[in-house]
1. Considering each of R274, R227 in turn, give the residue that is in contact with a strand residue (DSSP E or B) (Cβ under 7 Å, 6 or more places away or on another chain), among the charged types (D, E, K, R) and modelled with pLDDT of 95 or more.
2. Could you list all residues from the range 516-560 that are basic (K, R), at pLDDT below 95 and under 26 Å from D253 (Cα atoms)?
3. Answer yes or no: is there a residue in the range 258-267 that is more than 30 Å from A546 (Cα to Cα) and within 31 Å of the chain's Cα centre (by Cα).
4. Filter the range 337-391 down to residues that are among the basic types (K, R) and touching a helix residue (DSSP H, G or I) at 6+ places or on another chain (Cβ under 9 Å) and give me whichever is farthest from M320 (Cα to Cα).
5. If a residue must be at pLDDT 95 or above and over 27 Å from D92 (Cα atoms), how many such residues does the range 142-174 contain?
6. Does the range 158-196 hold any residues that are touching a strand residue (DSSP E or B) at 6+ places or on another chain (Cβ under 8 Å) and either closer than 30 Å to E237 by Cβ or assigned to a helix (DSSP H, G or I) (or both), and which are they?
7. Go through the range 308-353 and give me each residue that's part of a loop (DSSP other than H, G, I, E, B) and over 28 Å from P183 (Cα atoms).
Amino acid sequence: MTETSAPTSVDTVATRFWEDVLRLSPLTATIYGDDRYDDRLDDPGPAGRDEARRVAERTLAEIDAIDEAELSVEDRITRDMLRVVAELSIADHDMGIHRLRSVDQIQGPQTVLPQLVQFQKADTPERLEKFVARLRGYRDYMAAYVDILDEGRRTGLTAPRIVAERTIEQLRRLCGVPAEEGPIVSLAQVAGDADRAAVREAVEDYVIPADMAYLAALENGYLASTRADPGLWSAAEGEQIYRHLIRSWTTLDLDPADVHQIGLDELASIDAERRAIATANGHGDDVAGYRAALDRAPANVPPTPEALVERATEDIARAMADAPRMFGRLPESACVVRAVEEFKQRDAPFAYYFPPSVDRSRPGIYYVNPYDLPTRTYSKLGSTTYHEAVPGHHFQIALEMENPELNVFRRLGSRMVGGAYVEGWGLYAERLADEMALFRNDGERFGMLDAQAWRAARLVVDTGLHALRWSRQESIDFLLKAGLSETDATIETDRYVVWPGQALTYMIGMREIRRLRHELEERDGASFDLRAFHDAVLGHGALPLATLARQLPGWVSLRA
């Protein structure tokens with residue numbers, strides 16, 4: 001659908017669905033630069049959850065009423081995507097997945113406002129009023145999560161103990177900081193000191209008491225009911241929930257044992273590549289010895305957090321300069337680098353990406369984490385930057401958002417069903433960076449292979465934890481063997497514990513993109529056009545992997 005063409009019946013359903021998503025998730029709207037709901041928070045309680053289920057049911061009924069025979073290719077894709085999103089949403093509701101998501105040290109409710117303050121402006125009287133109204137609403141927002149904690153205890157679907165402990169530690173740190181020094185007040189985008197004082201007052205009156213009440217609920221009762229074993233297998237209906245979450249993240253029905261073996265096979269292949277680099281650099285087959293030498297090299301360790309940010313900024317600029325050789329279309333939105341906020345550093349991943357706003361007034365943001373700085377080596381940073389920023393997530397997400405041929409749901413909401421596509425592209429981008437000669441030396445290439453091994457290990461560890469009854473320490477030990485540092489192995493393990501299935505998206509998605517590329521290279525021979533392939537992969541937004549496999553060969557035509 002172009003910006004000037006009349007919407008089809010499928011476009012109309014998709015747009016209505018996306019409007020409901022924004023209405024029911026005002027936080028999502030704000031992150032995308034839509035300020036209509038800036039005075040309110042999501043409703044995590046029964047009424048909000050029931051309304052989301054009704055929206056999903058209505059959407060299914062509306063797309064079922066449309067005659068598929070009359071639809072264009074893009075409309076069929078949109079219709080299929082709406083069906084998958086709606087069915088998964090209903091399954092989430094019926095299985096009570098919200099009980100698991102209520103306790104999360106990475107993206108739990110306690111992280112919402114410190115994150116939101118970076119996206120919501122409060123620099124006019126009207127904007128300030130909306131922002132303060134949101135802060136006042138935080139009391140009811142967190143009270144709903146306290147109720148969910150009680151619901152989890154009653155049903156037996158509680159968080160693993162390590163997740164609750166990490167969340168408690170994070171809340172203690174947040175509540176122990178004076179309001180004026182905390183992220184909400186200090187980062188508030190206000191016009192002056194008087195407005196900042198109004199924000200501080202709201203934080204003291206509403207936010208801190210709400211966080212303390214949630215902390216008390218976690219400490220007094222909930223913690224004792226958490227699961228000692230970290231895997232979903234130990235939860236009520238855990239096996240069924242894990243299968244559902246695998247499908248939610250990958251859009252594929254996969255057997256955990258099969259995924260586990262794929263991870264082991266991928267690791268064996270990557271190990272051979274790592275040994276070759278270690279041998280070429282005088283370490284023989286001693287991969288661990290070569291890695292240790294890299295980690296000790298002073299030139300490989302950023303001296304300050306600012307140096308880490310500067311190096312990532314340089315790498316993005318180098319990748320952008322070479323991108324026209326690999327892509328016909330480039331994003332219009334810029335990508336900037338920032339350090340992870342101090343209060344989140346201990347629990348946050350090494351790096352992550354936030355998309356630009358719809359109106360392009362805010363660029364894409366690539367966050368790098370300087371926590372335990374000696375372990376954040378440049379040899380690890382390069383592949384992470386190319387994955388999260390350019391030509392990885394920033395290219396895929398910004399091009400999707402800027403594409404006038406897609407309806408608003410496809411531009412902004414497709415990641416609700418395209419997680420494996422998104423993360424698969426990010427991992428594919430790491431290998432593509434190698435083709436683009438972006439890695440500065442063997443150390444950075446080795447770092448890329450370590451990153452690939454890490455994603456292969458995720459297949460092993462995620463299924464190990466949630467299906468094969470691995471302990472948390474078994475996961476940490478396996479990741480250490482795969483090449484991660486003690487810090488990263490611990491943080492990553494706890495991430496897999498809190499987000500079952502998400503860790504599978506990277507390698508599963510990359511394998512599918514690489515398989516399709518190989519298939520088309522064989523089909524087209526010397527006529528294969530890599531730029532056209534990349535433009536086709538990114539030209540229709542995030543897709544379920546089955547849809548990508550079915551449609552991509554028709555989108556990539558022989559070069560004249």
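1. Numbers: R274 fails: in contact with a strand residue (DSSP E or B) (Cβ under 7 Å, 6 or more places away or on another chain).
That would be R227, the only listed residue that is in contact with a strand residue (DSSP E or B) (Cβ under 7 Å, 6 or more places away or on another chain), among the charged types (D, E, K, R) and modelled with pLDDT of 95 or more.
2. R550, the sole residue that qualifies.
3. Residues of the range 258-267 that are more than 30 Å from A546 (Cα to Cα), as a first pass: none.
Scanning the range 258-267 turns up no residue that is more than 30 Å from A546 (Cα to Cα) and within 31 Å of the chain's Cα centre (by Cα).
4. First, the residues of the range 337-391 that are among the basic types (K, R): 338, 344, 346, 360, 362, 376, 380.
From what is left, the residues that are touching a helix residue (DSSP H, G or I) at 6+ places or on another chain (Cβ under 9 Å) are 338, 344, 346, 360, 376, 380.
Details: R338: 18, K344: 29, R346: 31, R360: 18, R376: 23, K380: 20 Å.
It comes out as R346.
5. Total meeting the criteria: 2.
6. Scanning the range 158-196 gives T158, A159, P160, R161, D195, R196.
7. The answer is M326, F327, G328, R329, L330, P331, E332.
Yes or no, residue by residue, for (1) more than 28 Å from A420 (Cα to Cα); (2) touching a strand residue (DSSP E or B) at 6+ places or on another chain (Cβ under 7 Å):
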site	(1), (2)
D295	yes, no
P305	yes, yes
A317	no, no
P349	no, no
V358	no, no
V390	no, yes
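The values are calculated or read from the model by the stated rules, or taken from the named source; none is laboratory data. Just so it is clear, the model here is predicted, and its values are computed rather than measured. Backbone-built Cβ (ideal geometry, glycine too); neighbour counts: all protein chains shown.
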